[in-house]
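Down below is the structure, laid out as structure tokens.
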Amino acid sequence: MSEDLKSKVEGWLDAHWDSINNRQVGTAIYDAKTWLAKVVDAGYATPTWPVKWHGLGLSSKEARVIENAFQTRGAKGWGRDRYHLGAITIFKLGSDALKTELLYELLTGPICCLLYSEPGAGSDLAGVRTRAVKDGDEFVVTGQKVWTSNAVEAEYGMLLTRTDMDAAKHQGITFFIFPMKQAGVEVRPINQITGESEFNEVFITEARVSERFIIGEYNQGWKSFQTAIASERLIMGQGITARLGGAAAGKAPALLQLAHKHGALQDPVLRQDIAQALAYRQLNALNMLRAKEEMMKNGASSLSSLGKLAMSRIQHGEARISAKILGPQVLFNETEDALNANFDGAKAYMNSIGGGTDQIQRNIIAERVLGLPKSMDVSRDIPFKDIKSG
Amino acid sequence: MLEFSGEERQAICDTFDRVLSDNANEEALRKLIETESGFDNSLWQKMAELGLTGLMVDPDYDGIGANIQEAEALMEVAGKYLYSGPFISSCVVAPVLLQASSNLSMVGPHLKNIASGNSIFAIAGCGQSGDWTEPPTVNAIQNADGWELSGSAHFITHALTASHCLVIANEGGERAVFLVDMHDYSVPAKYQSTDDKTLRLSNITFNGTQALRLEDVGEQQIAGALHLALIALAGEQVGGMRAMFEITIQYLNTRFQFGEPIGRFQALKHMAADLLVDVESASTVARIAAQAMASGSGDSVLLTYLAAFTCADNFRKVTADAIQLHGGIAYTMEHPAHLYWRRAQTGQWLYASSDKCRDLYLLEMEAKL
């Protein structure tokens, strides 16, 4: 079965994808929209979804066969049933009408950004203040979002809004799929401590969205949002294992190579630090493999919620030890190794703060995995308009 | 070697769990601690009747013929109860070393006696360093009657209970294994005073002691014996830390202060969440290492060391934090937390220290450079 599938996909790719020039066969440059449409039409973008919704109704195991064939040829467009948050959310929560209207466009479009966090709603995301006010069969949206990746390129954003100021915090939220390319949407990049600008602020002033684009129910957006955020956490876990791939299969991990290069393996104290750092990385990889097995077997694994915490420890630890390996030379951004160590040290916060801080993640693990009582939220049951902010 | 399914392995563990729950619960353990031998022979005989003492003994010698995966799984159960009998030496390491000998007529009766519960084996693997990877501190010399041993071995568990001891000794610059019948030998009068009261440790000084050599058991088998012991110990540590962790989570849910369960306080929640990462990582790697050893995978040694220091250090961490999470109640001798915490310290030093294993893990990694 999977052998047939493999040769079928490989045949299809060989006919359509030019893996030397990284573009569609018979074209001069790579055009994302045309290529993605081709992949979606073939069912290879979302193979685990039903045929009705651009899929092939395959198992995740079979989907991996397709993904592998794409990856080995450097062909794009695979795994959109795992990584395209916007499409996954619409697929899971959207009405058939919304799916018909948007799913194909989302799958063949470049990117869908996430309009969740606000300056006043970070860890306490249900405190969003961006207003969406009903006006006929549309909503008028005003507010500010922050930490939005890919906001410049995005054609759609998944938007959390406040639609009832009198209801309690979690009750007056509506979740939209929101068109980004319109007047009243302004995107400004953020300068991050790494020197990068992956994230943006998005200022929304009286922009419009159709009521057809509500994801889930009006004023019940928090519930729909939970589904979307669960997919996101899963992706972060999967991303982790994918990125770890380099250390597997007999290759020396990067930290070990760095230590070797700088003679740090002679130092018994550093040896302990280096070994422990390598161990944390390997242990997390083994845990994520176990999580995958458990998910295949039982449909769920509590282990997947631990990957983020583990990864923070790994990344902060590796950066700290890289700096120790380099010694005082790390003060100068004059070598590639020093640049990397300093960059990684700053970048590690991306994992420990982004996507919900590690402290929020610890609450989630304690409450949902360990069954400890939920933390008090004094703002939970009062009308939203009476909540203190600052 | 027989192949066990996951279900069969679970069934053996469930049986062992019931036996220990009836005979080696906390009350029984606290009584046992007070005895000189620290060993419950009637429980050992029950284990023998169930075939557990013959777990790793080949069916030709009345054993079950299981492998390290089953041993690791059983040790998780043992760790849950802080079971303190000589299981690792007598039922994991000794059978494998004996079976490696080419002189089957010599080792055969011993294997049968291990399985039947008639013999109990101790292992003398190191000197005062406590480290099985260091050169042996006992020397073997051949004489007209066979072999004689001289020198001191340390950190031997259950030497007073053991009927036999396998001694790792230096023979002409190489390591070899020798069998000493403890009945023929005047063993030390008492155990050393240990901080972990479930532990029975002593040293033995050999002075021209008559011994038999295990033919064709050399460096490879001796290194393998250490790896077996480390994985079995890792299993025990996983069982111990999981038990202590579960006790702690239950306490966080049921202890009230300021009118609410203390598990609602984030300072405690966050510690608990971090410990879960440590518990699960240890669980994963102990099983993976056992599986790798059973299947003879190329990464087996690297994974063994990874499991060894991870499980040892995480057991200590989990039990130390468990005491802190409990507060005053766990600062009492009546509470079991300190028993787990003390056993955790034992495990950081037996066979090879966790720091040593971490270094050996790095050495295995360096081979990939």
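The values are calculated or read from the model by the stated rules, or taken from the named source; none is laboratory data. This structure is a prediction, so every number in the text was calculated from the model and none was measured. Every residue, glycine as well, gets a Cβ built from its backbone with ideal geometry; the counts of neighbours run over all protein chains shown.
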When restricted to B:Thr310, B:Thr254, the only residue closer than 21 Å to B:Arg358 by Cβ, within 13 Å of chain A (Cβ to nearest Cβ) and polar (S, T, N, Q) is B:Thr310
Would you check which residues across the range A:264-284 are within 7 Å of chain B (Cβ to nearest Cβ) and not small (Gly, Ala, Ser) and list them?
A:Leu265, A:Arg271, A:Gln272, A:Ile274, A:Gln276, A:Leu278, A:Gln282, A:Leu283
Helices (runs of 4 or more DSSP H) wholly inside the range B:28-122 that include at least 1 residues being touching a helix residue (DSSP H, G or I) at 6+ places or on another chain (Cβ under 7 Å) and modelled with pLDDT under 95:
none
Within the range A:292-312, considering residues that are of a type in the set (Lys, Arg) and within 19 Å of the chain's Cα centre (by Cα), the one farthest from the other protein chains (Cβ to nearest Cβ):
A:Lys292
Can you report the number of residues in the range B:163-174 which are assigned to a strand (DSSP E or B) and either within 22 Å of the chain's Cα centre (by Cα) or crowded, with 23+ Cβ neighbours inside 10 Å (or both)?
6
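This table checks each residue for (1) surrounded by 18 or more Cβ atoms within 10 Å (Cβ to Cβ); (2) of a type in the set (D, E, K, R); (3) part of a helix (DSSP H, G or I); (4) modelled with pLDDT under 70.
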{"residue": "A:Asn200", "(1), (2), (3), (4)": "yes, no, no, no"}
{"residue": "A:Glu206", "(1), (2), (3), (4)": "no, yes, no, no"}
{"residue": "A:Gly216", "(1), (2), (3), (4)": "yes, no, no, no"}
{"residue": "A:Ala242", "(1), (2), (3), (4)": "no, no, yes, yes"}
Odd one out for A:His170 among (1) out of contact with any helix residue (DSSP H, G or I) (no Cβ under 7 Å at 6 or more places or on another chain); (2) crowded, with 17+ Cβ neighbours inside 10 Å; (3) not in a strand (DSSP E or B):
(1)
Could you tell me which of the residues A:Glu153, A:Glu232, A:Glu196 is at pLDDT below 95 and within 15 Å of the chain's Cα centre (by Cα)?
A:Glu232
Could you check how many residues of the range A:363-376 are at the interface with chain B (Cβ under 7 Å from one of its Cβ atoms), surrounded by fewer than 21 Cβ atoms within 10 Å (Cβ to Cβ) and in a helix (DSSP H, G or I)?
2
Can you pull out the residues in the range B:291-306 that are within 13 Å of chain A (Cβ to nearest Cβ), of a type outside the set (S, T, N, Q) and part of a helix (DSSP H, G or I)?
B:Ala292, B:Leu302, B:Leu303, B:Tyr305, B:Leu306
Does the range B:259-290 hold any residues that are facing chain A (nearest Cβ under 8 Å), among the small types (Gly, Ala, Ser) and either under 30 Å from B:Leu363 (Cβ atoms) or not in a helix (DSSP H, G or I) (or both), and which are they?
B:Ser281
When residues of the range B:328-369 are filtered for being among the aromatic types (Phe, Trp, Tyr) and part of a loop (DSSP other than H, G, I, E, B), how many remain?
2
Testing A:Leu289 on (1) surrounded by fewer than 17 Cβ atoms within 10 Å (Cβ to Cβ); (2) within 14 Å of chain B (Cβ to nearest Cβ); (3) outside any helix (DSSP H, G or I), one condition comes back false. Which one is that?
(3)
